[in-house]
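The next block holds one structure in the form of structure tokens; read it before the comments.
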Amino acid sequence: MTTRPNPQTGEPRPPKAPVFSVWGELERNSAKKARYPAAPEGRGPVLEWYQGTPSGYLLGGVFASIIIFALVCLMDWGFDWMRTWWLWIFVVIPIPMWALMGRQYGISAGADWLAVKKGHVDLYELTEVTVEGASGGLSWTIELTDKKGTEMSVDAAKVQANQQLWDLVYNGIQHSVHHGSAKTNKRALDKLRLRP
């Protein structure tokens, strides 16, 4: 049974939630440089937050470029493609794109809410929880809808990158599904281990 934490203190802290998108906590931006949503008006304080480091995103872009380079070499059965200047655009473009992603706002959570730059959802008043996959199952999105009609789509890797943040979010999801009759899809039941 999930215990709802105190909105002001976050106590008792929820148990450790199962993780399916990342393995271990990811490095996050320094508190002085981080940009994440403040607590919604009239709600408890920010207890946890996550925003990736700019260097981490840049490294991700370099990694994506290496994969694209290898794929193009395999498709061409060699390196002849390298003489075509415009093909290099596809190889190099992930680096600045991912660097720009590193400038995006992070996410934050209180004892009973989750916020992104555009708004927040009430974790203990969710009416729908779904998990959607992209890129052949390499990327997962958690989609949440609460009673006031707010819809939020959050990258599973980002919300699970900080285990304490994920614990708060998962506790609310679990409570909404088991005690509040939130609708789910099969992926949510399996990935979030929500089956009774």
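Looking across segment 1-43, the residues that are modelled with pLDDT under 80, closer than 23 Å to W140 by Cβ and surrounded by 15 or more Cβ atoms within 10 Å (Cβ to Cβ) come down to T2, S21, V22, E25, L26, R28, N29. Taking every residue in segment 13-26 that is more than 13 Å from A156 (Cα to Cα) and pairing it with any residue that is assigned to a loop (DSSP other than H, G, I, E, B) and modelled with pLDDT under 85, at least 6 positions away or on another chain, the pairs with Cβ-Cβ distances below 8 Å are P14/T2; P14/T3. Any residue in segment 67-85 that is charged (D, E, K, R), modelled with pLDDT of 85 or more and under 24 Å from V169 (Cα atoms)? No, there is no match, as no residue in segment 67-85 is charged (D, E, K, R), modelled with pLDDT of 85 or more and under 24 Å from V169 (Cα atoms).
Of the candidates Q174, Q160, the single residue that is under 14 Å from the mean Cα position of the chain (by Cα) and either of a type outside the set (D, E) or under 23 Å from P7 (Cα atoms) (or both) is Q160. Within segment 102-118, the set of residues being surrounded by 14 or more Cβ atoms within 10 Å (Cβ to Cβ) and in contact with a Pro (Cβ under 9 Å, 6 or more places away or on another chain) comprises G102, Y105, G106, I107, S108, G110, A111, D112, W113, A115, V116. Restrict the check to segment 123-130 and report whether at least one residue is in contact with a Pro (Cβ under 6 Å, 6 or more places away or on another chain) and within 23 Å of G44 (Cα to Cα). No, segment 123-130 contains no residue that is in contact with a Pro (Cβ under 6 Å, 6 or more places away or on another chain) and within 23 Å of G44 (Cα to Cα).
When A99 is tested against (1) surrounded by 15 or more Cβ atoms within 10 Å (Cβ to Cβ); (2) under 25 Å from G44 (Cβ atoms), only condition (2) is not met.
Within segment 137-196, being in contact with a Ser or Thr (Cβ under 9 Å, 6 or more places away or on another chain), basic (K, R) and either outside any helix (DSSP H, G or I) or without any contact (Cβ under 8 Å) to a residue 60 or more places away in the chain (or both) holds for K147, K183, R187. Kindly evaluate Q160 against the criterion of being in contact with a Phe, Trp or Tyr (Cβ under 7 Å, 6 or more places away or on another chain), under 20 Å from Y50 (Cα atoms) and surrounded by 15 or more Cβ atoms within 10 Å (Cβ to Cβ). Taking the combined requirement at face value, the residue satisfies it. One residue is enough: does segment 76-89 have a residue meeting the conditions on the phi > 0 side of the Ramachandran plot and either polar (S, T, N, Q) or not assigned by TED's automatic domain parsing to the domain that holds G149 (or both)? Yes, segment 76-89 has at least one match. Residue check, L138 against (1) farther than 17 Å from P18 by Cα; (2) within 17 Å of the chain's Cα centre (by Cα); (3) at pLDDT 95 or above, all met but one. Which one? That leaves (3) as the condition not met. Among the residues of segment 113-129, those that are of a type outside the set (G, A, S) and assigned to a strand (DSSP E or B) comprise W113, L114, V116, H120, V121, D122, L126, T127, E128, V129.
The values are calculated or read from the model by the stated rules, or taken from the named source; none is laboratory data. Model, not experiment: these values are computed from the prediction. All Cβ positions, glycine included, derive from the backbone under ideal geometry; neighbour counts span all protein chains shown.
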